[in-house]
Amino acid sequence: MDDYVVVDTNAEFRKLLKTVFSDAFMKKYTTFENFEGFQYSSAVMTNWEADQMIYSRAVFDNFVKESTQFSSWDQMVMTAADEAFGTNHKKQ
């Protein structure tokens, strides 16, 4: 069970995800036209509408590797946040 991640979610969290994963971001970095397509394709790994998202880090990271330009979900989230909010989380 060490591989599993639990994330508490709510309406605000889901809205934030939709903000950072804009259509432009998804088209640029993934094989999807929008975040909804990404969520639909990964629904077998996690329930995006649940109060808690529970997923295997290894399985989800493999999905991200196969369908995006990123090597992990964490890297994808950080890049999306950097682009959406003009920050830079990359190590100097």
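The values are calculated or read from the model by the stated rules, or taken from the named source; none is laboratory data. All values reported here derive from a predicted model rather than from experimental measurement. Cβ: placed from backbone, ideal geometry, glycine included. Neighbour counts: every protein chain shown.
Looking only at residues that are in a loop (DSSP other than H, G, I, E, B) and among the polar types (S, T, N, Q) in segment 58-73, which one is surrounded by the most Cβ atoms within 10 Å (Cβ to Cβ)? Applying the filter and picking the extreme gives S72. Examine segment 52-61 for a residue that is under 17 Å from Y29 (Cβ atoms) and within 10 Å of the chain's Cα centre (by Cα), and state whether such a residue exists. Yes: one or more hits. Checking each residue in segment 29-57 for being of a type outside the set (S, T, Y), surrounded by 12 or more Cβ atoms within 10 Å (Cβ to Cβ) and either free of Cβ contacts under 8 Å to residues at least 24 places away in the same chain or in a loop (DSSP other than H, G, I, E, B) (or both) picks out F32, N34, F35, E36, G37, Q39, M45, N47, W48. For segment 1-43, give me each residue that is in contact with a Phe, Trp or Tyr (Cβ under 9 Å, 6 or more places away or on another chain) and within 16 Å of R57 (Cβ to Cβ). Y4, V5, V6, V7, S42, listed by residue number. Residues in segment 1-28 that are of a type in the set (D, E) and without any contact (Cβ under 8 Å) to a residue 24 or more places away in the chain were compared, and the one that is surrounded by the most Cβ atoms within 10 Å (Cβ to Cβ) is D23.
May I ask you to say which residue of V20, V7 is at pLDDT 95 or above and aliphatic (A, V, I, L, M)? Within the list V20, V7, the selection yields V20.
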